[in-house]
Amino acid sequence: MSMGEFIGEMLIGILISYTSYQIGWKSNLNFLHRYHWNKVAEGDLKPFAKKMGLGGLVAGLSIFFMPLVNWLTGAQFGYYLGLAGIVIGVVMMLYTVLHYNGTPFGRAAK
C-alpha cells in the first residue's frame with residue numbers, strides 16, 4: 001500500500017465521519033438529498049437523523065481504520081473489515097430511510 005492510498009483512505013473516512021456527525025448529532029439534514037427525508041414526520045426527524053448519522057459513522061470509521069489495520073497486520077485484512085463495516089453502515093441507513101420514509105426515493109410508485 002502506498003502512502004497516497006493510506007492517506008487518501010483515511011481522509012475519505014474522516015470526511016464521511018464528519019458528514020455523519022453533522023447529520024446524526026447536529027441534525028443537519030442538508031447533507032442528505034431531500035427525497036431521503038421528505039415524508040418523515042416532523043417529530044421523527046431527530047431520531048431519523050440520529051440513525052442515519054450512526055449508519056454513516058459506522059461506514060466512515062470502517063474506511064478510516066482500513067489502512068491502519070492493513071499496516072498493523074501487514075496483510076490486507078483491513079479491507080475485509082472495512083467492507084463489512086461499510087455494508088453494515090449502508091444497510092443501517094437504508095433500513096432507516098425505508099422505515100421512516102417508506103421508500104428509498106421518497107415517492108411510492110403509482
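The values are calculated or read from the model by the stated rules, or taken from the named source; none is laboratory data. Note that the coordinates shown come from a computational prediction; the quantities given were computed from them, not determined experimentally. Cβ: placed from backbone, ideal geometry, glycine included. Neighbour counts: every protein chain shown.
Quick look at the numbers
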quantity: Inter-residue pairs, beta-carbon under 6 Å, first in a helix (DSSP H, G or I) and at pLDDT below 90 and in the stretch 40-67, second surrounded by fewer than 21 Cβ atoms within 10 Å (Cβ to Cβ) and not basic (Lys, Arg), 6+ apart; calculated: ASP44/TYR100
quantity: Complete set of residues in the stretch 17-39 that are closer than 16 Å to LEU98 by Cβ, within 14 Å of the chain's Cα centre (by Cα) and part of a helix (DSSP H, G or I); calculated: HIS36
quantity: Subset of the stretch 79-105 [in contact with a Pro (Cβ under 6 Å, 6 or more places away or on another chain) and either under 13 Å from ALA59 (Cβ atoms) or not in a helix (DSSP H, G or I) (or both)]; calculated: none
quantity: Of residues in the stretch 61-84 being in contact with a Phe, Trp or Tyr (Cβ under 8 Å, 6 or more places away or on another chain) and surrounded by 14 or more Cβ atoms within 10 Å (Cβ to Cβ), the one nearest to SER27 (Cα to Cα); calculated: GLY82
